[in-house]
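Beneath this line is the structure, given in structure tokens, with notes to follow.
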Amino acid sequence: MLGAVASHPELIAGKRKRICTDLVRVSNGRLFPKIGGEAEYGLGVRGKDLALALKIDDGNNRALHALLLALLERFELATPDELARLEPWREQTLKNWAGLPIGHTEVVL
């Protein structure tokens, strides 16, 4: 199964705007991620006994991507090149009901 996902990253989460798919794609299958319900996230590192498990308490995904990338960087689970390719996922602009920006997500370690 790991080889199939590495060869076809869209199998993990689809083709359109999915961080799971992009993580597999930029790492050539070295990172094996999967999102769960209620802002849960798991990620394994192929070839190593390493994994991350995340849970956002309020069940909202708005901070999940930024946190995931910050942890990949902090624990050196992704290379600088991989992190650069994933940069669009790092920050999310928060908007009000009218679509106007009112803030953004930011991870402070």
Report summary line: Options (1) 14.5; (2) 14.9; (3) 13.2 are given for Kirkwood radius over Cα pairs in Å, and the computed one is (1)
Requested in this report: Across the chain, how many lysine pairs, 8 or more positions apart or on different chains, have C-alpha atoms separated by under 19 Å? Please give the number.
Outcome: 5
Query raised in the report: Hey, what did the chain get for relative contact order, percent, Cα under 8 Å, at least 6 apart?
Result: 17 percent
Query raised in the report: When the dipole is taken about the Cα centre of segment 16-94, and only Lys, Arg (+1) and Asp, Glu (-1) are charged at their Cβ, what size is it in debye, to the nearest 20?
Result: 340 debye
Query raised in the report: Can you tell which of ILE12, ILE56, ILE35 shows the greatest fluctuation in a Gaussian network model of the chain with Cα springs below 10 Å?
Result: ILE56
Query raised in the report: Once both axes come from the Cα atoms, what is the angle between helix 64-74 and the longest principal axis of the chain, in degrees from 0 to 90, rounded to 10?
Result: 50 degrees
Query raised in the report: Say we join alpha carbon atoms closer than 10 Å with springs in a Gaussian network model of the chain; which of LEU94, LEU86, LEU54 then has the biggest fluctuation?
Result: LEU94
Report task. Answer rounded, prolate or oblate for segment 1-52, using the Cα gyration tensor with square roots of eigenvalues a ≥ b ≥ c: rounded when a/c is under 1.5, else prolate when a/b is larger than b/c, else oblate. Result -> oblate
Query raised in the report: What residues of segment 70-109 lie in the reach of a label at ASP58, counting those whose backbone N is under 16 Å from a point 7 Å from the Cα along Cα→Cβ?
Result: 92-97, 102-108
Query - Accessible surface ranking that places the most exposed of TRP89, TRP97 first, with a 1.4 angstrom probe - result: TRP97, TRP89
Query - Accessible area of segment 70-109 divided out per residue, in Å², using a probe of 1.4 angstrom - result: 76 Å²
Report task. Between beta-carbons, use under 9 Å as the cut-off and find the net charge around THR21, counting Lys and Arg +1, Asp and Glu -1. Result -> +3
Requested in this report: Quick one: net charge around THR79, please, counting Lys, Arg +1 and Asp, Glu -1 for every other residue with C-beta under 11 Å from its C-beta.
Outcome: -2
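The values are calculated or read from the model by the stated rules, or taken from the named source; none is laboratory data. Given the structure is predicted, the values throughout are model-derived calculations rather than measurements. We place every Cβ from the backbone using ideal geometry, glycine too, and count neighbours over all the protein chains shown. The accessibility values were calculated without ligands, DNA or RNA, using every heavy atom of the protein model including side chains. Shrake-Rupley method; radii C 1.70, N 1.55, O 1.52, S 1.80 Å.
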